[in-house]
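Step one of this worksheet: look at the structure below.
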2 protein chains.
Amino acid sequence: MALMVLERVGIVGCGLIGGSLALALRRAGLARHIVGYSPSQASREQAVALGAIDEAVTTAQAAAEGCDLVVLAVPVAATAATMQTVAPSLTAQAMVMDVGSTKGDVVAAARATLGKHLTRFVPAHPIAGKAETGVAHAQATLFRGARVILTPVAETQPEVVARASMLWTAVGARVATLSAATHDEIFAAVSHAPHLFAFAYMQAMLADPAASKAMAWAGPGFRDFTRIAGGDATLWRDVLLANAEQVLQQSKQFRAALTAMEALMENRDSPALHAALLSASQGRAAWAQATANDGASYAATAAPAASDNAH
Amino acid sequence: MALMVLERVGIVGCGLIGGSLALALRRAGLARHIVGYSPSQASREQAVALGAIDEAVTTAQAAAEGCDLVVLAVPVAATAATMQTVAPSLTAQAMVMDVGSTKGDVVAAARATLGKHLTRFVPAHPIAGKAETGVAHAQATLFRGARVILTPVAETQPEVVARASMLWTAVGARVATLSAATHDEIFAAVSHAPHLFAFAYMQAMLADPAASKAMAWAGPGFRDFTRIAGGDATLWRDVLLANAEQVLQQSKQFRAALTAMEALMENRDSPALHAALLSASQGRAAWAQATANDGASYAATAAPAASDNAH
């Protein structure tokens, strides 16, 4: 199947992800005309000024009208309402794609709102981002080498999934397909739960005046461990609530592992503590190795070399 | 007080830290003759080959004999036994310094073993390291810009502390002085406890087959959050046991913060969850800002820009 140029693309939510996808589609020569909507006038104007969109409109409906592709790049919590708003404006051939970090809730929202358009709905999760948010930081290369996970529903037509896959591949992403449930289970374990832990650790530090003062002495270990606690509060509130069941399950397992290690410390069980630390350390090393081989280069480009055992 | 050249320096434990300090003292022109001991013959030979030490000896006593400065760069758990071994060989003017990551246990060991030499004992904790251990990775510049914390005991002569401070400053470190108790409380909070949490998280992931498989999908957030779980198991067993009381206290506070956030998720208390995430996120941002201003540049050189909000 050839990758046809999209005559009209609607970006609902011109933020970092929406703006970057617009820039990337344009650079790849895949979109003739891009219409964008954001609730903030400043974002809309900036998106036009940066060349991410050709035309700014003042409603989500207007952004969706007459499009071949409608991208919903809004906060996770706003997805259901946005779908409901745009559904009546969708043409019969419009592919609809979201870019949220959770998928079960998005699929449920789509089922409740998209009606016949469900056959052309492709839930997508591009694993890409940067510290800064907003369209001002959008870049055409954001998805290069990044993973994008598609979680089509049973109703999604296979050729629409194939087309979505080709679009993401064309902007440099590595595409995979999972069920929404599997996606949410996986990302609860490897992303959402660790974010919760990092946020909780920072909370605990800030609640304790002595620990709070101690942060002045923190080094590279603290820096890396807490980096994800610097994430956007609104985004993470939405993710944690959307995937609450899976995240709570992971958190429970984590607390069990932690209290088990605490018990080894309390009992001064040196051999068992060593064995636990060693298996964790070897597991981390194996992951880094596998990731490096995978070409994802997360581990390879990892942290500054001169810090790993500083403590 | 002028910084006199040391006629003879004894390095007990020619690993990454001991070897790097030897190289740094030599490069700074502060040591005329450096004697080194390691239990492993290979390490001793490598230390000579790399120019870290002038002479390898086969006992800790021999390394300490006739020295102006004796550096104990052995694993934390071996400190007490090493002090006992070298004490009889110490000259009356020998300054003794350790480089361990915990200080309360080292001070207790010194009190039990060093006798009159306690007046010339300066417990030190250089906050420096790298992913690789061993003298093969030693480098003269390891301490440049690094913090070194001295925790002199009441008996330590002020001029000996001043001299130790000048030595570390001469090799590029930024020196501070704390009590051993304050040191251990601080590093439990900002380093030891987060290490425990990262190790426990890896343990929980490895114990769950689904989560274990999910690691193939892990991205930069996971990478940074777990980096410290790749630390050396023996070193971290020793640190966690040496500072167990403080670390357990921090872990308890952390679990309380975590279960509180879990409760907000269970109750779908969106505003309170947002407030908690926001305060954590702002606390992390404030730390990064303060660290950048401090010139430590931990935060500034932090993580690859294109990943912070990827999840």
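The values are calculated or read from the model by the stated rules, or taken from the named source; none is laboratory data. Just so you know, these numbers come straight off a predicted model, no measurement behind them. Every residue, glycine as well, gets a Cβ built from its backbone with ideal geometry; the counts of neighbours run over all protein chains shown.
Is one or more of the residues making up segment A:3-12 over 15 Å from A:Met95 (Cβ atoms) and in contact with a helix residue (DSSP H, G or I) (Cβ under 9 Å, 6 or more places away or on another chain)?
No, because not a single residue in segment A:3-12 is over 15 Å from A:Met95 (Cβ atoms) and in contact with a helix residue (DSSP H, G or I) (Cβ under 9 Å, 6 or more places away or on another chain).
Suppose we filter B:Ala216, B:Ala242 for residues that are among the small types (Gly, Ala, Ser) and closer than 18 Å to A:Leu273 by Cα; which single one remains?
Sole residue among the options that is among the small types (Gly, Ala, Ser) and closer than 18 Å to A:Leu273 by Cα: B:Ala242.
Which is farther than 24 Å from B:Thr291 by Cβ and buried (at least 24 other Cβ atoms within 10 Å of the Cβ), of B:Ala162, B:Ala138, B:Ala193, B:Ala170?
None of the other options fit; the residue is B:Ala138.
Report whether or not B:Thr259 is surrounded by fewer than 23 Cβ atoms within 10 Å (Cβ to Cβ), of a type in the set (Ser, Thr, Tyr) and closer than 20 Å to A:Phe222 by Cβ.
So B:Thr259 fails the test.
Do you know which of the residues in segment B:257-268 that are at the interface with another protein chain (Cβ under 7 Å from one of its Cβ atoms) and among the hydrophobic types (A, V, I, L, M, F, W, C) is farthest from B:Ile127 (Cα to Cα)?
Among those that are at the interface with another protein chain (Cβ under 7 Å from one of its Cβ atoms) and among the hydrophobic types (A, V, I, L, M, F, W, C), it is B:Met265.
Mind telling me which of the residues A:Arg237, A:Arg163 ends up being more than 7 Å from every other protein chain (Cβ to nearest Cβ) and basic (Lys, Arg)?
A:Arg163
Can we say A:Ala276 is under 18 Å from B:Trp236 (Cβ atoms) and not polar (S, T, N, Q)?
yes
What are the residue pairs meeting all of these: first residue in segment A:208-230, first residue within 7 Å of another protein chain (Cβ to nearest Cβ), second residue of a type in the set (Lys, Arg) and crowded, with 21+ Cβ neighbours inside 10 Å, Cβ atoms under 6 Å, and 6 or more apart or on different chains?
Between residues of segment A:208-230 that are within 7 Å of another protein chain (Cβ to nearest Cβ) and residues that are of a type in the set (Lys, Arg) and crowded, with 21+ Cβ neighbours inside 10 Å, the close pairs are A:Asp224/B:Arg227; A:Thr226/B:Arg284; A:Ala229/B:Arg284; A:Gly230/B:Arg284.
Looking only at residues in segment A:240-255 that are within 7 Å of another protein chain (Cβ to nearest Cβ) and farther than 30 Å from A:Gly15 by Cβ, which one is farthest from the chain's Cα centre (by Cα)?
A:Arg255
Hey, can you tell me all the residues within segment B:269-278 that are in a helix (DSSP H, G or I) and either more than 7 Å from chain A (Cβ to nearest Cβ) or surrounded by 19 or more Cβ atoms within 10 Å (Cβ to Cβ) (or both)?
B:Pro271, B:Ala272, B:Leu273, B:Ala275, B:Ala276, B:Leu277
Identify all residues within segment B:94-104 that are out of contact with any Ser or Thr (no Cβ under 7 Å at 6 or more places or on another chain) and either at pLDDT 95 or above or in a helix (DSSP H, G or I) (or both); write none if there are none.
B:Ala94, B:Met95, B:Val96, B:Met97, B:Val99, B:Thr102, B:Gly104
Could you check segment B:75-94 and list, in sequence order, the residues that are surrounded by fewer than 24 Cβ atoms within 10 Å (Cβ to Cβ) and of a type in the set (A, V, I, L, M, F, W, C)?
Scanning segment B:75-94 gives B:Ala77, B:Ala78, B:Ala80, B:Ala81, B:Ala87, B:Ala92, B:Ala94.
Within the group B:Ala154, B:Ala176, B:Ala188, B:Ala181, which residue is over 23 Å from A:Ala288 (Cα atoms), away from chain A (no Cβ under 11 Å) and under 16 Å from the mean Cα position of the chain (by Cα)?
B:Ala181
Within segment A:175-182, is even one residue in contact with a His (Cβ under 7 Å, 6 or more places away or on another chain) and of a type in the set (Ser, Thr, Tyr)?
No.
Which residue pairs have Cβ atoms closer than 8 Å, lie 6 or more positions apart in sequence or on different chains, and pair a first residue in segment A:106-128 that is of a type in the set (Phe, Trp, Tyr) with a second residue that is buried (at least 24 other Cβ atoms within 10 Å of the Cβ) and in a helix (DSSP H, G or I)?
A:Phe121/A:Ala110
Are any residues in segment B:30-51 in a loop (DSSP other than H, G, I, E, B) and surrounded by 16 or more Cβ atoms within 10 Å (Cβ to Cβ), and if so, which ones?
B:Leu30, B:Ser38, B:Leu50
Counting only residues that are of a type in the set (Val, Ile, Thr) and within 18 Å of A:Ala164 (Cα to Cα), which one in segment A:103-125 is surrounded by the fewest Cβ atoms within 10 Å (Cβ to Cβ)?
The residue in question is A:Thr119.
Give the number of residues within segment A:35-93 that are in contact (Cβ under 8 Å) with a residue 24 or more places away in the chain and acidic (Asp, Glu).
Of the residues in segment A:35-93, 2 are in contact (Cβ under 8 Å) with a residue 24 or more places away in the chain and acidic (Asp, Glu).
Of the residues in segment B:53-92, how many are outside any loop (DSSP other than H, G, I, E, B) and within 16 Å of B:Lys103 (Cβ to Cβ)?
9
Could you say whether any residue in segment B:193-203 is within 15 Å of the chain's Cα centre (by Cα), within 7 Å of chain A (Cβ to nearest Cβ) and more than 25 Å from B:Ala78 (Cβ to Cβ)?
Within segment B:193-203, not a single residue is within 15 Å of the chain's Cα centre (by Cα), within 7 Å of chain A (Cβ to nearest Cβ) and more than 25 Å from B:Ala78 (Cβ to Cβ).
Just to be sure before I move on: is A:Lys116 within 29 Å of B:His274 (Cα to Cα) and among the charged types (D, E, K, R) in the structure I sent?
no
Tell me yes or no: at least one residue of segment B:10-29 is crowded, with 24+ Cβ neighbours inside 10 Å, assigned to a loop (DSSP other than H, G, I, E, B) and out of contact with any Cys (no Cβ under 9 Å at 6 or more places or on another chain).
yes
Residue under question is B:Met97, and the condition is that it be within 16 Å of B:Leu69 (Cα to Cα) and crowded, with 18+ Cβ neighbours inside 10 Å; does it hold?
Yes.
Here is a check on your reading of the model: is B:Gln203 touching a helix residue (DSSP H, G or I) at 6+ places or on another chain (Cβ under 9 Å) and surrounded by fewer than 17 Cβ atoms within 10 Å (Cβ to Cβ)?
no
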